[in-house]
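**Q** My questions all concern the structure below.
The values are calculated or read from the model by the stated rules, or taken from the named source; none is laboratory data. What you are looking at is a predicted structure, and each value in this text was computed from that prediction instead of being measured. With ideal geometry, Cβ positions are generated from the backbone for all residues, glycine too; neighbour counts draw on all protein chains shown. In case anyone asks, the SASA skips ligands and DNA or RNA and just uses the protein heavy atoms, side chains included. Shrake-Rupley method; radii C 1.70, N 1.55, O 1.52, S 1.80 Å.
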Amino acid sequence: GDSVTQTEGLVTLTEGLPVMLNCTYQSTYSPFLFWYVQHLNEAPKLLLKSFTDNKRPEHQGFHATLHKSSSSFHLQKSSAQLSDSALYYCALSDPDTGYQNFYFGKGTSLTVIP
Amino acid sequence: DTTVKQNPRYKLARVGKPVNLICSQTMNHDTMYWYQKKPNQAPKLLLFYYDKILNREADTFEKFQSSRPNNSFCSLYIGSAGLEYSAMYLCASSAGSGNTLYFGEGSRLIVV
């Protein structure tokens, strides 16, 4: 079945350093990939979604590139900000179910320190 | 308004007692989801409604029930709570396949 793997559970970075959160997936077909972000005491919300035409999605300085050859959709940002501290989920939308099922990774908790 | 609301936000239940969690959205989304989130685990899809059609995951088929009396509301019902049901329950909605999920803030259930 489909699955999403986020290898880092906790990441601590100094402000200004680059961010890279790993996400790999397993899917029989070509899923959509997503990054959701959850700040403390808030609901998870969409950060990025993969495109079908290989464009690189970007939002709030974050970007992610879908690499089908390595089944990866890593989240990157050139310079971490204190406000980036949050829980980040990678997710995929399963084409086998008409893209109605969404499967999530365990999440990566990012803490940015001064 | 892109808000998904969940009630109650916190629920303390005794083992063996029923639990009913409510979710509402005003975005006229056709699909509503329920996820279970435990510490250090991925959010686990329990079930979702596409319009009036209920889809339940095979491994949680008998543990959770749900109803969607109208487009805006969806409930999650546990007939007899066990300790293993203690978790955060996240409701989400989306408009169409593969589109953005809009989440509520969650309902934290503690079973004692």
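**Q** Residue check: is A:SER70 more than 10 Å from chain B (Cβ to nearest Cβ), under 30 Å from B:ASN55 (Cα atoms) and open to solvent by less than 80 Å² (accessible area, probe 1.4 Å)?
**A** Spelling it out, it is not the case that A:SER70 is more than 10 Å from chain B (Cβ to nearest Cβ), under 30 Å from B:ASN55 (Cα atoms) and open to solvent by less than 80 Å² (accessible area, probe 1.4 Å).
**Q** I've got another one for you. Restricting attention to the range A:41-58, does a residue exist that is open to solvent by 50 Å² or more (accessible area, probe 1.4 Å) and in contact with a Ser or Thr (Cβ under 6 Å, 6 or more places away or on another chain)?
**A** yes
**Q** State which residue is nearest to the other protein chains (Cβ to nearest Cβ) when the search covers only the range A:85-111 and only residues that are open to solvent by 10 Å² or more (accessible area, probe 1.4 Å) and more than 30 Å from B:ASP30 (Cβ to Cβ).
**A** A:SER109
**Q** Just to be sure, is B:TYR10 open to solvent by 80 Å² or more (accessible area, probe 1.4 Å), within 10 Å of the chain's Cα centre (by Cα) and either closer than 23 Å to B:VAL112 by Cα or in contact (Cβ under 8 Å) with a residue 40 or more places away in the chain (or both)?
**A** So B:TYR10 fails the test.
**Q** Would you point out the residue of the range A:30-44, among those that are farther than 13 Å from B:ASN99 by Cα and part of a strand (DSSP E or B), that is nearest to the other protein chains (Cβ to nearest Cβ)?
**A** The residue in question is A:GLN38.
**Q** Out of the residues in the range B:61-83 meeting the condition of being outside any loop (DSSP other than H, G, I, E, B) and free of Cβ contacts under 8 Å to residues at least 12 places away in the same chain, tell me which one is farthest from B:VAL15 (Cα to Cα).
**A** Residue satisfying both the conditions and the ranking: B:ASN70.
**Q** From B:GLN65, B:GLN41, which residue is facing another protein chain (nearest Cβ under 10 Å), within 21 Å of A:PHE102 (Cα to Cα), open to solvent by 60 Å² or more (accessible area, probe 1.4 Å) and not β-branched (Val, Ile, Thr)?
**A** B:GLN41
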